[in-house]
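Student: Mind having a look at this structure? Questions to follow.
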Amino acid sequence: MKARELLRLYEAGERNFRGKNLRGQNFKGQNLSEADFSGADIRGANFTKATLRGANFKRAKAGLQRRWAISLVIVSGLLSSFSGFMLGFSAAVHTLLLLSLNFRSDIGDWVTLSVFLILTVGYFIIIIRKGIGAGLAVVVGAAIIFFIGFGLVGGVVGITVAVAITSIISNAVGGAVTVAVAIIGGVFGAVFGAITGIFLFPKTTIGAGDNASASAVIISVVIFVSIILLSAYISWRALQGNIKDAWIRTSAIFFACIGGTSFQGADLTDSDFTQATLKSTDLRNAVTTRTNWHQAKKIDRARVGGTILLDPDVRDLLITHRGARKSYVGLILKGANLIGADLSDADLTEADVSNATFEGAWLERANFTKTQALNTNFHQANLTSACLENWSINSATQLEDAICDYVYLLRNQQERRPSSGSFAPGEFTKLFEEVLDTIDLIFRNGLDWKAFAYSFKQVQVENEDTELAIQSIENKGDGVVVVKVQAAPDADKEKIHSDFTRNYDLALKAVEEHYKAELKAKEEQIQIYRQQGSDMKEIVGLLASRPINVDVKATADSKAMQGSSDQSRKIEIGDVGGDFNVSGSALNLGDISGTVTNTINQLPSSAEPNQPGIKELLTQLQEAIASESTLSEDDKAEALEQVKALAEAGQNPSDVGMKKLAKRATTMLKGIAAGLPTAAKLAESLSQLLPAISSLLGL
C-alpha cells in the first residue's frame, strides 16, 4: 500500500492497517494518531516528526529494506578488507624488522626487541583497562619515538571497528551472508597488505640465521593473533554497552541504521510497540511519554539518543518490566510505561517518574524517597509497605484505587501509616490529599530552632507570592523532628523545600560558627580571669605597704578602710574571693525576666477565677521556662523574649502586625520545644499552654 493511499484512507476514517506492507513509505510529518499498524512491515518507512499518539505497532517489523541491507553488507566487506590490509601490512613490516635484528653480536638489537615487546604488552593492557581511545593516544605518542606503534594502532582500531560494525550489520541484515563477506574481505585485505609491506620494505639481511628467522616469525604471529583476539574482545565489550568504548558501539549503530525505519522526532505518546522488532530504527528525540516497549526486540541496535531508552538499566526495565530488588537511584524514568511491572523492593530514591504509569504494577516495599511523581498514574498499583518519604506528588498524581494496606513516611520502616492495622477504603488517597497541602521538612539530627527561624523567614521572603504557615512540629524521637509547612496545592513545593534546605544549611553553619566563637571566647575569658587574679594579687602585694584608700565590696556590710590622705587612688575589687564579672560576658536573666513580668502585668487579669486568661497563661509559661534545667541560659533568654512578644501582642490582639509577631513567637517556642528531651517538663508545658494562648490571641 502506497503512503498516499494510506493517508487518503486514514482521512476517510480508516484506522486499521494491520499486517500491511509499508516498506519504504514516507509518512514524514503526518498525523496518524490511533492508527493500527500491528504486524505491519514498516522496514525503511519514514515516520520522522509524525504524530502517532496512541498508535498500535504491536509485532510490527522495523529495520532495513533489501537494497539498503545489500549496501551495508558491501560496506561491511570493505571495512573488513581495509582492516585486513592494515593487519597484513603491519604484520609483514614487523616480521621483516625482526628478521633484520642480529641477536648474536648486537646488544642494541636486543634492546630494540625488548622495547617493541614492552610497548605491545603495555598497549594491550591500556586498551583493556582504559579503552581503545586511551590506548590510541598512548601509542601515537610512543610511535613518535618508536614508529612500530603505528602498525599496532592501525591493526587494533581497524579490526575492532570492523568487527563491531559487521556484528551490528549481520544482526540487522542477516548473519551468514554478512559474516561470510566480512571474512572474505578481511582475508583478501590481509594478503594484499602483506604483499604490499614486503614490496615496500624488502628484507635485506638476516642477522642470526634460520633459528632467528623462525623466532621472528613466531613472535610476529603471536603478536598479531593477539591483536585479532583483542580486537574481537573490545568489539564484544563495546556492543554490550561498556562506557569505555561507547564510541565504537555508537559508530556501528549509526552505520546499521542508515536507510532503516525512522521515528526521529515523532510523537509516540501512548503508542504501543509490544513485541515489535526495532533493529536499525532511528528513535532519536522522539516523544515517548507512556510508550509501551514491553518485550520489544533488538531495540539495543536502534538509535535512541534524546530518550529515556539511552540508559541501559532504564531500557532493560522498560522492555522486561522486571526491576524487583534493583537500584534505579537518581535515574530519569519520566513518562515510562511500566504497566504491570514488578518493582517490589526496588530503590527509586531521587528518581524522576513524572508522567509515568505504574498501573497494576507491583511496588511493595519500594523506596520512593525524594522521588518526583508528578502526574504519575498509580491506578491499581500495589504500594503496600512502600517508603514515601519526601516524595513529590501533585493533584494530577492518580492514587485512587491504589492497593495499599500501609506505608512508611520515613526510611527504615519508620512512621507507619496507619500506626496499626490497614487503611480503610479511600483512606490512603485521603492521607495524601492532605499531603498535597503541606511540605514535610524532616530533620534527622535534631532541630536548631534559631537556624530554622532564620531559614523560614528567608523562604517566606523568597516566595512572597505563596502563603506559608507552620502546621505542626513533631518530635519523633532519636533526633528526628518533622515540621509540616502548609502551602497552597498549586505552590511549587519542590522549590520551597529546596529553598528551605539551602537556607537552613547556611544558617546552621553560621550558628555553629557562632557557638564555636562563644566557646572560644569563654575559654579566652577564663584565661583572662586567671591572669587578672594573678595580677591583682601582685598589685595588692605592692600596695600593701602604701597608705591608700580601698573600697571593698565583698559584702553589703563592708566598710571603707581609711589611713591615707591620698585620695587620688581608688581601686574597686568586685566580689573579692569570688568569680569576676566582666560586663557583657553573660546574660542577665534577672533583668530580662523582670521586663517580661512587667509586660505581662500590664495585661488584664482573667474575669473568671477558674478560667485562666492570657495573663495567667503567660505567667505559667514564664515560670516553666525559668525552671527548666535542660535549657541553656541563651535559650532561656530567647524563650523569655518570645513570651514578652506574646504579652505585647496580648495588649492589642486585633493588630495585624502584632498577630504576625505572635505567630512568629509561637513558632520559635515550638522550635525550642522540639529541641528538648522528650521528658523535659517545659516541652509538656508548651504543648498544653501554646494552643490555649494561640486561641486567646486569635491565631
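Read-outs: derived from the displayed coordinates by stated rules, not from any lab. The structure displayed is predicted, hence computed values, not measured ones. Please note: Cβ atoms are built from the backbone with ideal geometry, for glycine as well, and neighbour counts cover all protein chains shown.
Student: Using the structure shown, list the pairs from Lys484/Lys670; Lys370/Lys450; Lys61/Lys297; Lys430/Lys457 with a Cα-Cα distance above 20 Å, or answer none.
Tutor: Lys370/Lys450; Lys430/Lys457
Student: Considering amide H positions built from the backbone, and no H for Pro or chain starts, which residues 5 or more places from Asn26, or on another chain, come under 5 Å of its amide H?
Tutor: For Asn26, whose amide H was placed from the backbone, the distant partners under 5 Å are Ala3, Asn46.
Student: Report the local net charge at Asp635: Lys and Arg +1, Asp and Glu -1, summed over other residues whose C-beta lies under 12 Å from its C-beta.
Tutor: Around Asp635, the charge tally is -4.
Student: Could you check the spin-label model distance between Glu464 and Glu608? Points 7 Å from the Cα along Cα→Cβ, value in nm.
Tutor: 4.3 nm
Student: OK, next. For Lys457 and Ser422, calculate 0.36 nm times their separation in residues minus their Cα-Cα distance, and state this gained length in nm to one decimal.
Tutor: Between Lys457 and Ser422, full extension yields an extra 8.7 nm.
Student: Ordered by residue, what ³J(HN,Hα) values in Hz, to whole numbers, does segment 452-460 give under the Karplus form 6.51 cos²θ - 1.76 cosθ + 1.60, where θ = phi - 60° and Gly and Pro are x?
Tutor: Listing the rounded values in order: 5, 4, 5, 5, 5, 5, 5, 5, 4 Hz.
Student: Around Gln602, what is the net charge, scoring Lys/Arg as +1 and Asp/Glu as -1 over all other residues with Cβ under 10 Å from its Cβ?
Tutor: Residues close to Gln602 contribute a combined charge of 0.
Student: Continuing with this model, one more query. Ser687 label point, 7 Å along Cα→Cβ, cut-off 11 Å on backbone N: hits in segment 444-476?
Tutor: Correct set: 474-476.
Student: If one puts a single equal scatterer on every Cα of segment 294-412 and applies the Debye formula without solvent, what log₁₀ I(q)/I(0) results at q = 0.11 Å⁻¹?
Tutor: With one equal scatterer per Cα and no solvent, log10 I(q)/I(0) is -0.32.
Student: Starting at the first residue of segment 291-301, write each ³J(HN,Hα) from the Karplus equation 6.51 cos²θ - 1.76 cosθ + 1.60 with θ = phi - 60°, in whole Hz, x for Gly and Pro.
Tutor: Result, ordered by residue: 5, 8, 9, 4, 6, 5, 9, 6, 6, 6, 9 Hz.
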